[in-house]
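Right, one structure below, let's go through it.
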C-alpha cells in the first residue's frame, strides 16, 4: 500500500477479541470507559458570555439550528431538539436590590440549560472510539497496561492516509492524532453549540502530557455505535505480535490466532526478552517455532 500509516493496537487475548479480528472488524468503546479521568469534561457553569447578552447569543444559535433538518456528527436529533426548546423558552430574571433604591436584573438559569449540558455529554458518551498507538511495539509499559500484563496481543494496522499528509480512512470516520498539553479547558457548552465539530475534535484529541509516550491515535466512527464495527475499507491487519506470556497463559488461543494471521495474510511475531539489554524484541514466528522444536529434541 502506498502513502500508508502504521498503527498499533494492544489488546487482551480473548476469544471475543480474536473473533473480532477474524470478522474484519474493530471494537469501538466509549470514552467514559477509558483510563484517563480528564478525557472530556463538560463545564457545568451557566451558559453565559461576558461580551454578548443572551439574546444576541440566542439569535446566533437560532440561525444555526432553527432550520436544521439533517444532523452530522457530533450533532444528533435529541441535542438539536433541546437546543430549539431552549431557544424558544422565555428568559426569566430576578431583581436584586443593591440599596438606595437601585436594582439590577439577574438572569435565572433555565432548567433547559442543565438538559443541554446533559445532551452534550451524551454526544461524547455515545461516540464510538477505537484507540491506536504509534509507540514502539517493544514498549513494556504498553504491553503491561493494555495487553493484560504481556499475556495479550498487539495488532499492527496499515491504512491509507490520503493526500496532504492527512489521515483519511473514509467519510464515516475521523482519525485524530492526540495532542498533549499541560492544561485543558473544560468543554464550554456555548462554544460547542456555536462550533460543534471543532470543539468535539479539540476535546477528544487533547490529553495530558503524562500520556505522551503512547503517541495515541483515535478513530471515531461517526455513523456507528459503541461495540463491534466494520473495519474501514482502507485499513488492513499487517502484523500480529504475541505477548511474552501469551504462550504460557493464553496458548489455548494460538490456533485461532494462526487462523486469523493466515486469513489476513499478516506476519506473526512473538515478543521475547533480551535479558542483557533488559528489552523486549519481536521474533518472527517461524524462528520462534523452530527454536521451540530444537528445545524439545
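Readers should treat all values here as calculations from the given coordinates under stated rules, not as data from a laboratory. Note that the coordinates shown come from a computational prediction; the quantities given were computed from them, not determined experimentally. Neighbour counts run over all protein chains shown; Cβ positions are idealised from the backbone, glycine included.
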>> Under 10 Å, Cα contacts only: if you run a Gaussian network model on the chain, which one of 64, 187, 280 comes out with the highest mean-square fluctuation?
In response: 64
> Rounded to the nearest 0.05, what FRET efficiency do residue 111 and residue 182 have when you use their Cβ-Cβ distance and R0 = 30 Å?
Replying inline: 0.25
> Measuring from label point to label point, each 7 Å out along Cα→Cβ, what is the residue 100 to residue 12 span in nm?
Replying inline: 6.8 nm
> How large is the Kirkwood hydrodynamic radius of segment 140-297, in angstrom, based on all distinct alpha carbon pairs?
Replying inline: 18.7 Å
> Could you give the angle, 0 to 90 degrees to the nearest 10, between helix 77-87's Cα long axis and the longest principal axis of the Cα atoms of the chain?
Replying inline: 20 degrees
>> How tilted is helix 285-296 with respect to the longest principal axis of the chain? Cα atoms for both, answer in degrees (0 to 90, nearest 10).
In response: 50 degrees
>> What does the extension gain come out to for residue 34 and residue 70, with contour length at 0.36 nm per residue minus their alpha carbon separation?
In response: 9.9 nm
> So, by mean Cβ neighbours within 10 angstrom, what's the order for 23-35, 239-251 with the highest one leading?
Replying inline: 239-251, 23-35
>> If I fit a long axis through the Cα atoms of helix 254-264 and take the longest principal axis of the Cα atoms of the chain, what angle between them do I get, 0 to 90°, rounded to 10?
In response: 70 degrees
>> If you average the alpha carbon positions of segment 267-293 and of segment 175-245, how far apart do those two centres end up, in angstrom?
In response: 31 Å
>> Under a crude label model (7 Å from the Cα following the beta-carbon direction), how far is residue 210 from residue 149 in nanometres?
In response: 2.2 nm
